[in-house]
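The values are calculated or read from the model by the stated rules, or taken from the named source; none is laboratory data. Model, not experiment: these values are computed from the prediction. Every residue, glycine among them, receives a Cβ derived from its backbone with ideal geometry; neighbour counts consider all protein chains shown. To get the accessible areas, we keep the full protein, side chains included, count just its heavy atoms, and leave off ligands, DNA and RNA. Shrake-Rupley method; radii C 1.70, N 1.55, O 1.52, S 1.80 Å.
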Amino acid sequence: YGHEFLEFEFRPDGRLRYANNSNYKSDVLIRKEVYVNDIVLKELKKIIQESEIMKEDDSAWPAPDKIGRQELEIRLGNMHISFTTSKIGSILEVQESKDPNGLRVFYYLIQEESNPSDEQENV
């Protein structure tokens, strides 16, 4: 479908910016902005810390390809990390990768954050 993305940006002041460009059936870019309270930010930090994603390294993950790419950037306190990998279609692709444990952490964190109705947070 071209350049597709789903983006969440949580700022320390509670500002949440959301963008979705699916290009599905010629959809247009959707952008929304809201403010969330400290409880949501605290839960988000908890999810990130408990996932231990900040300990991972994407060097052995599949490189982006013509099918797509997934990116995750997290700034938490004075820590900053950025990941890039190919578009993951299923858990089977994760299990067959060179780093199934690390990629699994990424995969489940992305799934959780892409479905905020399940928990109600993201970075």
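Within segment 90-101, can one find any residue that is surrounded by 12 or more Cβ atoms within 10 Å (Cβ to Cβ), in contact with a helix residue (DSSP H, G or I) (Cβ under 8 Å, 6 or more places away or on another chain), modelled with pLDDT under 95 and not aromatic (F, W, Y)?
Yes, some residue in segment 90-101 is surrounded by 12 or more Cβ atoms within 10 Å (Cβ to Cβ), in contact with a helix residue (DSSP H, G or I) (Cβ under 8 Å, 6 or more places away or on another chain), modelled with pLDDT under 95 and not aromatic (F, W, Y).
Just to be sure I understand the filter: pairs with C-beta atoms under 9 Å, separated by 6 or more residues or on different chains, first member in segment 36-61 and of a type in the set (D, E, K, R), second member open to solvent by 100 Å² or more (accessible area, probe 1.4 Å) and not in a helix (DSSP H, G or I). Which pairs pass?
Qualifying pairs under 9 Å: E43/Q120.
Condition first: surrounded by 14 or more Cβ atoms within 10 Å (Cβ to Cβ), within 19 Å of F5 (Cβ to Cβ) and without any contact (Cβ under 8 Å) to a residue 60 or more places away in the chain. Now tell me which residues in segment 102-114 satisfy that.
If the condition is that a residue be surrounded by 14 or more Cβ atoms within 10 Å (Cβ to Cβ), within 19 Å of F5 (Cβ to Cβ) and without any contact (Cβ under 8 Å) to a residue 60 or more places away in the chain, then F106, Y107, I110 are the ones that fit.
Being part of a loop (DSSP other than H, G, I, E, B) and of a type in the set (S, T, N, Q) is the filter here, so list the residues in segment 11-37 that pass it.
Passing the criteria: S22, N23, N37.
Of all residues in segment 38-83, which are part of a strand (DSSP E or B), open to solvent by less than 40 Å² (accessible area, probe 1.4 Å), at pLDDT 90 or above and over 14 Å from R104 (Cα atoms)?
Scanning segment 38-83 gives I74, I81.
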